1. For semi-axes √(5λ) of the Cα gyration tensor in Å, which listed value, (1) 40, 34, 14; (2) 28, 25, 19; (3) 24, 22, 19, comes from the coordinates shown?
2. Rank S223, Q42, V213 by how far each Cα sits towards the positive end of the charge dipole of the chain (+1 on Lys, Arg Cβ; -1 on Asp, Glu Cβ) and give me just the farthest.
3. Roughly how many nanometres apart are two label points built 7 Å out from the Cα toward the Cβ at K73 and A254?
4. Quick one: compute the contact order of the chain, relative version, from alpha carbon pairs under 8 angstrom and 6+ residues apart, as a percent.
5. I'd like to compare 51-62, 93-104, 148-159, 108-119: which one has the highest average count of other Cβ atoms within 10 Å, and what's the full order after that?
6. Which distance in nm do the two modelled labels at Y225 and Y264 give, with both placed 7 Å along the Cα-to-Cβ direction?
7. For S140 and I28 in the same chain, what is the full-extension length gain: residue separation times 0.36 nm, less their Cα-Cα distance, in nm?
8. If one computes the Cα centroid of the range 70-94 and of the range 193-240, what distance in Å separates the two points?
Amino acid sequence: MAQKRKRPKSLYRRMKDSAQVQAALTVILPVLLGIVIIALWQTQVLHYWFKTDTFTLPLITRIGKIFLENFGKIKGNIAATMIVAVVGLALGSVLGYAVAILAAMFPRVGKGGLSVVGAFASIPVVALAPVMNNWTKDVSTEASTRSMVAKILVVMLIAAANMSLNAYRGLTELKPYAKDLMATYAAKRHTTLIKLQLPNSVPYIFVALKVSVPASIMTAIVSEYFAEYITGVGRQIRENIVLAQYPTAWAYIATACMLGIVSYVILMIVQSILLRKYH
């Protein structure tokens, strides 16, 4: 009896399988790279390559031990940094999106605001943070409050710049003839905005957040270097390096990396859930 010939996979199935392989590789390859780096670090191969010692570049096990021993203090500094990053990100995203809507609805007026907000993306945080510290010196008599306000403002401006530029694209780069179709229905400007432009901008919001989320955490950490009040992951990195407590400094550096990675993973999960429902 002749064997049945296997039916070739459809183009859709092949594309789907290829997409799944690519998605798996985007996770597997970075993990493998991380494992290789950790192995080279722990076996002191990196120390040999970079001509350094275990005092300046402590072993992974030493850093992990310091992290566990100081977890209570580290947790408090994580909270201080994340409050600044999350509040600044939220305020900046709302401000940036509002500027993008203004620019889309009133191009002559709004594009000027878009340019001003977008210009903040090119200002180094190390230059912006000291200026904000000086501007907010009269906000409160409490050093902790003044420092938090200054750091939140820095994060807010960086997040606003990222959001405004990407959201504007989502509000203006519409499907061909979509806006003309709304015009044939005699749709008013606000109706076109709500029914067409805002839904079209949703994927672009997540494009902006992919940049803004890790950038907000890093901006908060850098801002803490110049803050008046000594708290946060960034400030602890600075203080421990000054005191030559390199294992503790590296524990905080590792914490900063984990904050960025975890925040990005959470964003990807939220994006996959919301955009699945959106579509």
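The values are calculated or read from the model by the stated rules, or taken from the named source; none is laboratory data. Values in this document were obtained by computation on a predicted structure and should not be read as measured data. We place every Cβ from the backbone using ideal geometry, glycine too, and count neighbours over all the protein chains shown. The protein model used for the area step is the full one, side chains on, heavy atoms only, and it has no ligands, DNA or RNA in it. Shrake-Rupley method; radii C 1.70, N 1.55, O 1.52, S 1.80 Å.
1. For semi-axes √(5λ) of the Cα gyration tensor in Å, the calculated option is (1).
2. Ranked along the dipole, the leading option is V213.
3. 1.6 nm
4. 22 percent
5. Final packing ranking: 148-159, 93-104, 108-119, 51-62.
6. Rounded to a tenth, the inter-label distance reads 2.0 nm.
7. Full extension of this stretch gives 35.5 nm more.
8. Rounded to whole Å, the Cα centres lie 10 Å apart.
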